[in-house]
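Worksheet: the structure to be examined is printed underneath.
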Amino acid sequence: MSNSLYPSVLYLQDGTFYKGWSFFELSSSFGELVFNTGMTGYQEIFSDPSYSGQMVIFTYPEIGNTGLNNNDNESDLIHIKGIVAKNISSLSSNWRSKISLKDYIILKKIPHIFGLDTRCLTKHLTTSGVMNAFLSNFNNDLFIDQLSFKNLDTVDLSRKITRKKHYQISSKTSNYKSLFASFAFNKISRVSYNPSNYKIVVIDFGAKFNILRILLSLNSDVFIVPSTSSYKTVLSYKPDAVLLSNGPGNPMMSFYSVTLVKDLINFANVPIFGICMGHQILNLALGCETFKLKFGHRGLNHPSGCNYYSEMTSQNHGFAVNTNSLFNKKSLGSVNVPYLNLNDSTVSVTCHRTLPIFSVQYHPEASPGPHDSQYLFKIFINLIDKIQKAE
């Protein structure tokens with residue numbers, strides 16, 4: 001691969017710009033500029049559908065030391081719009097590494113910039129809030145006052161990336177084995193719950209592979225359906241439970257999904273578990289409201305809990321549930337909040353007071369990341385058990 005470097009520039013919506021370098025000559029790339037504080041997990045971040053439409057600043061000063069492998073992707077595609085880093089290692093050292101990050105970026109033509117002061121840039125975003133940005137070749141004839149910064153909050157990103165077809169996976173199918181190729185040496189050994197054989201419908205707002213892997217490790221039959229599916233379609237699978245997956249963007253744009261979840265709550269009588277975007281959609285369906293955070297939560301070490309109890313959680317979201325809306329006339333006080341984000345007191349967990357419904361703003365399936373919250377999948381299965389026995 002080439003050792004040439006090309007001058008590049010990152011233009012922010014407020015007129016600020018940062019100069020750096022890239023491994024190939026860039027064309028213009030546009031996205032919402034956000035930052036992730038994790039020290040590991042860049043491969044998972046590249047392939048996480050929740051980052052669709054976003055450029056990611058890696059606050060850790062060097063990424064790429066362990067290269068990339070064939071196993072740790074969270075989807076089949078690269079979803080980020082750009083990589084912003086202090087330094088990108090050109091060498092990798094790990095027994096699973098198949099390609100260096102530098103070579104991977106060049107091979108996949110991922111927009112990127114490095115050599116800039118990511119600490120200064122991150123501080124700027126924490127002060128001013130996340131904003132849109134252009135990433136371009138430094139010699140490109142771009143002028144900040146001529147750039148058109150589209151508001152991604154008005155775009156239904158989950159509709160753009162949700163799978164268009166319905167499909168089923170289980171421990172007895174061949175695609176189960178391919179999904180678990182990345183997984184046999186770790187997650188199976190950690191998830192030691194009893195086999196369930198339940199039918200679980202996953203509504204795909206941008207589902208990560210690891211959610212599916214854990215459900216499969218519980219010996220469930222998993223049916224993945226698009227976020228645009230109808231209530232009738234979901235019920236046609238005769239699900240024992242429904243999981244609302246993670247996904248990108250503003251949950252208010254997925255109004256059709258809110259309608260679907262309302263019908264599931266009112267008529268389906270099955271346990272529902274929401275994760276990240278699924279958490280927001282579920283609470284909107286319960287009559288709550290959401291709002292955009294100033295600079296979001298993206299990292300592997302966010303404490304969530306209450307009183308003297310805390311779990312370390314992996315988080316990746318720019319929107320949150322409005323605490324005051326939990327007690328408005330629409331929600332009728334039906335939602336309980338057992339856990340808060342202990343950094344800023346935003347809602348981390350909600351549970352319905354009478355129905356088998358709960359959701360979390362963080363990622364209990366986090367890979368890489370802490371596993372403090374993985375027990376939530378066991379709670380989900382236990383809810384199904386109780387509903388089945390009560391019928």
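FYI, it's all coordinate maths here, none of it is from the lab. In this text the structure is predicted, and so the values were computed from the model without any measurement. Cβ placement follows ideal geometry from the backbone for every residue including glycine, while neighbour counts extend to all protein chains displayed.
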Counting only DSSP beta bridges fully inside segment 6-150, the antiparallel percentage to nearest 5 is 60
Packing-based exposure ordering (other Cβ within 10 Å, fewest first) of ARG213, ARG163: ARG163, ARG213
Can you give the angle from 0 to 90° between the axis of helix 118-128 and the longest principal axis of the chain, with both taken from C-alpha atoms, to the nearest 10? 60
Would you mind ranking HIS279, HIS317 so that the residue whose beta carbon has the fewest other beta carbons within 10 Å leads the list? HIS317, HIS279
In the chain, what % of DSSP beta bridges are antiparallel (nearest 5)? 60
Order these by the 10 Å Cβ neighbour count, fewest first: MET253, MET55. MET253, MET55
Counting only C-alpha contacts under 8 Å and six or more residues apart, can you give the relative contact order of the chain as a whole percent? 14
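For segment 157-390, what proportion of DSSP beta bridges, expressed in % and rounded to the nearest 5, is antiparallel?
Roughly 60 percent of the beta bridges in segment 157-390 run antiparallel, per DSSP.
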Determine the dipole magnitude for segment 6-150: charges of +1 sit on the beta-carbon of Lys and Arg, -1 on that of Asp and Glu, nothing else is charged, the reference point is the Cα centre, and the result goes in debye to the nearest 20. 220
From the convex hull of the Cα coordinates of segment 267-380, what is the mean projected area in square nanometres? 7.0
Label point distance in nm, ASN301-ASN266, each placed 7 Å from Cα along Cα→Cβ: 4.6
For a Förster distance of 22 Å, can you work out the FRET efficiency between the beta-carbons of LYS109 and MET131, rounded to the nearest 0.05? 0.35
Rounded to whole Å, give me the distance from the Cα center of segment 316-391 to that of segment 37-61. 24
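At 222 nm, what value in deg cm²/dmol follows for the chain if DSSP H runs of at least 4 each add -39500 (n - 2.57) and the sum is divided by all its residues, to the nearest 500?
Numbers: 11 runs with 88 residues, N = 391.
After summing the helix terms and dividing by the residues of the chain, the value is -6000 deg cm²/dmol.
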Given (i) 18.4; (ii) 20.6; (iii) 19.4 as candidate values of mean projected area of the Cα convex hull in nm², which corresponds to the one derived from the coordinates? (iii)
